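Everything below concerns the one structure shown next.
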Amino acid sequence: MATYKLLLLPGDGIGPEVMAGVETVLGALAETGLARFETETDRVGGAAIDAHGTPLSDATLARAEAADAILLGAVGGPKWNGVAYDIRPEAGLLRLRKELGLFANLRPAICHPALADASALKRELVEGLDIIIVRELTGGVYFGAPKEITTLPDGAKRAVDTQVYTTGEIERIAHVAFDLARKRSGRVASAEKHNVMKSGVLWKEVVTRVHAQHYADVELEHVLADNCAMQLVRRPKQFDVLVTDNLFGDILSDVAAMLTGSLGMLPSASLGALDGRGTRKALYEPVHGSAPDIAGRDAANPIAMIGSLAMCLRYSFGLGEAADLVESAVTATLAGGARTADIASPGTEAVGTGAMAGLIAADLRARAA
Ligand code: NAD
């Protein structure tokens, strides 16, 4: 049995609590004999600012570069609201994504039948929903230059962010989306705003060409990003793989989050380019933040974090059977009625973070026995 090197970066707020849930599940997985992991734990975000004065130290970055995959909890919180912009907790995460070249962010939105009533939409619209948003993560308006606030001669201020995309950046994310679609239902929707943005014109052009040259067997649809937001709440099951840029992906994936009932349910993967050995740098993290409002109370839902582990098993290590086992254990635990507070119906009893992870690990052990 191969041993995989995992770097755990719990981060801040509920990060350490949900990461403890992952360690519980890793323990159960090791017992099944399907996979064994060597884990190392380090600091990121506010925890790293407190320890080293920077949200990502060079030593931690070096560990991240050496790991087979990284699991990250969440960063940030009110304690660090006053720190300089360049060393705020989120800057640690952005640096990690940038330095490791993690350009493809995969965010599945799956609605477990047991949770369909927790969605903001009607059960029939979301039950059985299984879509995946492929968001470009290292380009676009969050990184483009100039990015500044200047003072005009009349004393007014002027703020500029720059949306930039190059052919290569669009091509590589398009390949990720089309390759993924081939393993799913064979459908891709590409969202941009070519009607008002030059970057949208190029995006549509490049995605169309990559499709025609390499993926004639996959169905491609172009959708304007604003219409896409509307369609996601009108009839979400019409989509399967949805590829889009950094900004639109940020927003559309949060819309998709609410379709599933809770932010606490949504995992994500951030992948780099394939290297010569056929492997990629990869970071797996829940979509949610550090949830300071519930931190330290054993009230967080660990499923987004545990789902991120399942994605890690599937995408970094090709351990499909182990990933299926983790996902089936989550589905069965929910079907059995266990609920953390965020997904519990009013008046019903909720279990804590540790108990939920323990139930999932127990189901996994029983399933593998
Ligand atoms: P958040 O995702 O932390 O919380 C939003 C709401 O969802 C809160 O009410 C929270 O209690 C709830 N929630 C989130 N995760 C949950 C879980 N696992 N179980 C149960 N409930 C959960 O977003 P926010 O409040 O806007 O941000 C809080 C902090 O997190 C900020 O400092 C923000 O910058 C940071 N943040 C970090 C990341 C990241 O690390 N990737 C992402 C988003 C926000």
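Data table
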| read-out | value |
| --- | --- |
| Listed pairs 198/237; 5/183; 5/281 exceeding 21 Å between Cα atoms | 198/237; 5/183 |
| Computed over segment 1-104: relative contact order in percent, which uses C-alpha pairs under 8 Å that are six or more apart | 36 percent |
| FRET efficiency for residue 3 and residue 321, using Cβ-Cβ distance with R0 set to 30 Å, rounded to 0.05 | 0.95 |
| Net charge of Cβ neighbours under 10 Å - reference residue 127; Lys, Arg +1; Asp, Glu -1 | +1 |
| Cβ-derived FRET efficiency at R0 25 Å, residue 251 paired with residue 123, nearest 0.05 | 0.50 |
| Nitroxide proxy distance, nm - points 7 Å out along Cα→Cβ at residue 213 and residue 32 | 4.0 nm |
| Global geometry of segment 243-369, whether rounded, prolate or oblate, following the gyration tensor of its Cα atoms and the 1.5 cut on a/c | oblate |
| Mean separation of Cα contacts under 8 Å (6+ apart) over length of segment 130-259, as relative contact order % | 36 percent |
| Ellipticity estimate at 222 nm from DSSP helix runs (n ≥ 4, -39,500 (n - 2.57)) divided over the chain, nearest 500 | -13000 deg cm²/dmol |
| Charge tally in the Cβ shell below 11 Å around residue 201, where Lys, Arg are +1 and Asp, Glu are -1, residue 201 excluded | +1 |
| Whole-number percent relative contact order across the chain, with pairs defined as alpha carbons under 8 Å at least 6 apart | 22 percent |
| Accessible area in square angstrom per residue, the chain, 1.4 angstrom probe | 43 Å² |
| Probe 1.4 Å - accessible area at residue 311, Å² to nearest ten | 10 Å² |
| Net dipole in debye of the chain [+1 Lys, Arg Cβ; -1 Asp, Glu Cβ; about Cα centre; nearest 20] | 480 debye |
| Euclidean distance of C-alpha centroids, segment 244-287 and segment 25-68, integer Å | 19 Å |
| Of all accessible heavy-atom area on segment 130-259, the percent that carbon and sulfur account for (1.4 Å) | 56 percent |
| Length gained when the stretch residue 85-residue 39 is fully extended (0.36 nm per residue, less Cα-Cα span) | 13.4 nm |
| Share of carbon and sulfur in the accessible heavy-atom surface of segment 11-108 [1.4 Å probe, %] | 49 percent |
| Theoretical FRET efficiency, 1/(1+(r/R0)^6), r = Cβ-Cβ of residue 161 and residue 221, R0 35 Å, to 0.05 | 0.80 |
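The values are calculated or read from the model by the stated rules, or taken from the named source; none is laboratory data. The structure presented is a predicted model; accordingly, all values stated were derived computationally and were not measured. Here Cβ is always computed from backbone atoms with ideal geometry, including for glycine, and neighbour counts include all displayed protein chains. Areas reflect the complete protein model, heavy atoms only, side chains present, ligands, DNA and RNA absent. Shrake-Rupley method; radii C 1.70, N 1.55, O 1.52, S 1.80 Å.
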